[in-house]
Amino acid sequence: MKKVILAAIAVMGFTFANAQEQTAKGKWLIEANTGFGGDTNTGNTSFQLYSSDGESSWSIGAEGGYFVADNLAVKLGMGYNDFGHSSNAFSYKVGAKYYLLNKFPLEASYTGASIKDANENPSYLGLQAGYAWFVSKNISIEPGLRYNVTLNEDYGKDVFQLNVGFALHF
């Protein structure tokens with residue numbers, strides 16, 4: 001029994017040390033997310049498919065980041081959104097991601113979109129929390145919850161999302 005407990009502690013210690021190495025200052029992060037729960041009007045940079053009132057819309061995008069300090073990455077993201085009915089948008093995101101205890105990513109970011117032929121473009125302040133499961137030395141799966149607060153008075157509404165992220169750490 002003592003050997004089993006010691007082996008479990010060793011495995012957890014290795015996983016913690018591995019995550020610590022991948023979120024160290026000077027490392028890079030590339031991630032793709034899936035987004036569930038909100039429409040694509042949030043101007044997101046995730047992979048998403050949405051259908052409402054017989055109209056389908058989709059999004060595709062990716063994000064990258066650089067660790068400016070241990071566990072703290074500055075991120076940029078870009079995406080393309082197709083809303084159907086000949087409307088589309090280019091999306092962008094800028095923010096910061098902090099890995100609390102190397103396992104719990106917390107993110108704050110500004111997301112905006114430039115929608116073709118729109119009078120007003122959406123912009124959001126997003127807050128996200130999740131869990132980083134390092135499945136290998138350079139790959140993590142990061143499920144999380146995100147809340148986007150609209151910054152427009154007359155356009156859009158606050159959006160709650162469930163995201164599943166896939167990140168590469170270099």
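Annotations
- Cross-link pairs exceeding 28 Å between alpha carbons, from the set 27/157; 27/93; 137/157; 93/116; 93/157; 25/157: 27/157; 137/157; 25/157.
- Of all aspartates and glutamates in the structure, those lying under 18 Å Cα to Cα from residue 97, and not within fewer than 8 positions of it along the same chain, are 21, 31, 63, 70, 107, 142.
- Volume per residue of the C-alpha convex hull in region 91-139, rounded to whole Å³: 87 Å³
- Scaled radius of gyration (Cα, divided by 2.2 N^0.38 Å) that region 120-170 gives: 1.48
- All Cα pairs of region 32-170, percent lying beyond 23 Å: 30 percent
- Residues of region 86-125 with amide N under 19 Å of a point placed 7 Å along Cα→Cβ from residue 138: none
- Extension gain, residue 98 to residue 34: 0.36 nm times the residue separation minus the Cα-Cα distance gives 21.1 nm.
Readers should treat all values here as calculations from the given coordinates under stated rules, not as data from a laboratory. These numbers were taken from a predicted model, which means no experiment stands behind them. Cβ: placed from backbone, ideal geometry, glycine included. Neighbour counts: every protein chain shown.
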